[in-house]
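Report on one structure; see the data block that follows.
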């Protein structure tokens, strides 16, 4: 499965659960951690968990399992690592606190809208 397909399925899943402020950062030129970060937030721990569950479910349906997951217990910041694409699903206040967009500001932001078509 290509990175673009992972992004499309994951972003549609986030949008389907009303995830907010979806950002896609291309960071492959900056780090070996991943090629893309997808950052989004929900307004409650329940919504954060539902968004992450939906991303994992939809990608699993497409035949892809995460390499690693973190944060399901607290549901303030859930990370779904698909090697080249890493999804960060935050509770809004946690996202504001950690501000990954600022930390990775040298990455290239790509419009999430192009993956929702």
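Observations, loosely collected:
- The modelled label-to-label distance between residue 8 and residue 108, using points 7 Å beyond Cα along the C-beta direction, is 1.9 nm.
- Residue separation of residue 32 and residue 101 scaled by 0.36 nm, minus their Cα-Cα distance, works out to 23.1 nm of gained length.
- Rounded to 5, the percent of DSSP beta bridges in the chain classed as antiparallel: 70
- Rounded if a/c under 1.5, otherwise prolate or oblate - region 67-117, Cα gyration tensor axes: oblate
- Stokes-Einstein diffusion coefficient of the chain, Kirkwood radius over Cα pairs, 37 °C, 0.692 mPa s, in µm²/s: 238
- Protection proxy ranking for 66-74, 10-18, 24-32, using the average of other Cβ atoms within 10 Å per residue and placing the highest first: 10-18, 24-32, 66-74.
- Each Cα pair under 8 Å and six or more residues apart adds its sequence gap; the mean of these over the residue count of the chain is a relative contact order of 32 percent.
Rule-based calculations on the coordinates, nothing more; no lab input. Owing to the predicted nature of the structure, the values given are computational and were not obtained by experimental measurement. Note that we place each Cβ from the backbone using ideal geometry, even for glycine, and neighbour counts take in every protein chain shown.
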